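Enquirer: Encoded as structure tokens, here's the structure I'll be asking about.
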Amino acid sequence: MKEIIAVVRMNKTNDTKKALVKAGAAGFTAFKVMGRGKLVDDESVILDRKNKLLALAGDDERDTAVLIDGFLTGERLFPRRLFTVLAHDEDVEEIVNAIIAANRTDNNVGDGKIFVLPVLDAVRVRTGETGESAV
Amino acid sequence: MLLVRAIIRPEKKDEVLAELAKAGFNAATVVDVVGRGKQKGIKIGGIVYDEIPKALLMIATRDEYKEDIVSVILRAAKTSEKGAFGDGKIFISAIDEAYTISTGAKGL
């Protein structure tokens, strides 16, 4: 048994849900989290997106550049959706690939992370069965 | 790889995150949670508060940085020299695999 923890963009929640159904793991728990990733060392990977966001902002908005910089380089915390999915060992690869495929964008950074953790035991509350059959 | 889960006081969250970033661990996921510890909550007058707001930090790291991260959190999340009930807990569990979605690359 494995627990798959995926941190994804807020607006990819629906895509991720659909991808999970397709991958055969319809059950999941999701909640809102705040987070940040590694610092961006290379400014060029975020330059395109920064220019696009700056164009959206009005001229009178001060500190916009600072704000956008903070978000894009990873100094600030920003909202993400955290999914936890319980899966049998043999299904992990398919589910991970499905989540990756559903969440990839062209923004170079900020698409999220997936962690796979071992689970020692699980219990289904309704029947009391334990182990693999409870997943 | 390890997943460090730290439950700390919400007012200490910014300080701990700043200290972690200073020590080179920028990445973290933060969740607002409620809970109680061994002390069964706080009793003030006749009222028992057993859903105390806390912040849950989740930090994925390589095995060799475990001690550094834990010591930074221990130092930054502690209130006063001696510490106090309610300062929090740190749990560490194993991560088998990690993926970066934008590249599909395996590993942290």
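What follows is calculated from the coordinates using simple rules that are stated; it is not laboratory data. On a predicted model such as this, the values are computed, not experimentally measured, just so you know. Reconstructed Cβ throughout: ideal geometry from the backbone, glycine too, with neighbour counts over all protein chains shown.
Enquirer: Would you be so kind as to identify which of B:L3, B:I52, B:A21 lies farthest towards the positive end of the dipole of chain B, taking Lys and Arg as +1 and Asp and Glu as -1 on Cβ and the Cα centre as origin?
Expert: B:I52
Enquirer: Moving to a separate point now. Nearest 20 debye, what's the magnitude of the dipole of the range B:31-77 about its Cα centre given +1 on Lys and Arg Cβ and -1 on Asp and Glu Cβ?
Expert: Working: 8 positive and 7 negative charges, 61 e Å.
In debye, rounded to 20, the range B:31-77 gives about 300.
Enquirer: With θ taken as phi - 60° and the coefficients 6.51, -1.76 and 1.60, list the Karplus ³J(HN,Hα) couplings across the range B:37-43 in order, rounded to whole Hz; mark glycine and proline as x.
Expert: Once rounded to whole Hz, the list reads x, 4, 7, 6, x, 10, 10.
Enquirer: Also, quick follow-up: Pick out which of A:A30, A:A55, A:A19 has the largest mean-square fluctuation in a Gaussian network model of chain A, springs linking Cα atoms closer than 10 Å.
Expert: A:A55
Enquirer: While we're looking at this one, here's another question. For Cα pairs less than 8 Å apart in space and 6+ apart in sequence, what is the mean separation divided by the residue count of chain A, i.e. the relative contact order in percent?
Expert: Answer for chain A is 47 percent.
Enquirer: Now for a separate question. Nothing charged except the Cβ atoms of Lys and Arg (+1) and of Asp and Glu (-1): what's the magnitude of the dipole of chain B about its Cα centre? Round to the nearest 20 debye.
Expert: Charge dipole of chain B: 400 debye, to the nearest 20.
Enquirer: So if I place +1 on the C-beta of Lys and Arg and -1 on the C-beta of Asp and Glu, and nothing else carries charge, what would the dipole magnitude of the protein assembly as shown be about its Cα centre? I want it in debye, nearest 20.
Expert: 860
Enquirer: In percent, how large is the relative contact order of chain B, given Cα pairs closer than 8 Å and 6 or more residues apart?
Expert: Normalised by residue count, the contact order of chain B is 42 percent.
Enquirer: Here's a follow-up. Rounded to the nearest 500, what is chain B's calculated 222 nm mean residue ellipticity when only DSSP H runs of at least 4 contribute -39500 (n - 2.57) each, over all residues?
Expert: -6000 deg cm²/dmol
Enquirer: Can you give me the orientation-averaged projected area of the convex hull built on the Cα atoms of the protein assembly as shown, in nm²?
Expert: The Cα convex hull of the protein assembly as shown, projected and averaged over all directions, gives 17.0 nm².
Enquirer: Could I ask something else about it? Along the charge dipole of chain B, Cβ charges K/R +1 and D/E -1, which of B:V72, B:I42, B:A94 sits furthest on the positive end?
Expert: B:I42
Enquirer: Can you give the Kirkwood hydrodynamic radius of the range A:1-119 from its Cα pairs, in Å with one decimal?
Expert: For the range A:1-119, inverting the mean 1/r across all distinct Cα pairs yields 15.6 Å.
Enquirer: Hey, if you put +1 on the Cβ of every Lys and Arg and -1 on every Asp and Glu Cβ in chain A, which of A:T16, A:G128, A:N108 ends up farthest toward the positive end of that dipole?
Expert: In chain A, that residue is A:G128.
Enquirer: Over the range B:1-64, what relative contact order in percent results from Cα pairs under 8 Å that are six or more residues apart?
Expert: Relative contact order here is 52 percent.
Enquirer: Another question, then. Which cross-chain or sequence-distant (5 or more) residues have an amide H under 5 Å from the amide H of B:G35, H modelled 1.01 Å from N in plane?
Expert: HN-HN under 5 Å from B:G35: B:I52, B:K54.
Enquirer: Which of the lysines could a cross-linker span from A:K52 if the Cα-Cα distance has to be under 21 Å and same-chain partners fewer than 8 positions apart are dropped?
Expert: Those lysines meeting the cut-off are A:K12.
Enquirer: Would you mind computing Rg(Cα) / (2.2 N^0.38 Å) for chain B, counting N as its residues?
Expert: Against the empirical 2.2 N^0.38 Å value, I get 1.20 for chain B.
Enquirer: With springs only between Cα atoms under 10 Å, which of A:D63, A:D15, A:D48 fluctuates most in a Gaussian network model of chain A?
Expert: Of A:D63, A:D15, A:D48, the Gaussian network model singles out A:D63 as fluctuating most.
Enquirer: With a sphere of radius 12 Å drawn around the Cβ of B:A84, what net charge do the other residues whose Cβ falls strictly inside it have (Lys, Arg +1; Asp, Glu -1)?
Expert: After counting each charged neighbour, the total is +2.
Enquirer: How many angstrom lie between the Cα centre of the range B:55-73 and the Cα centre of the range A:98-131?
Expert: 21
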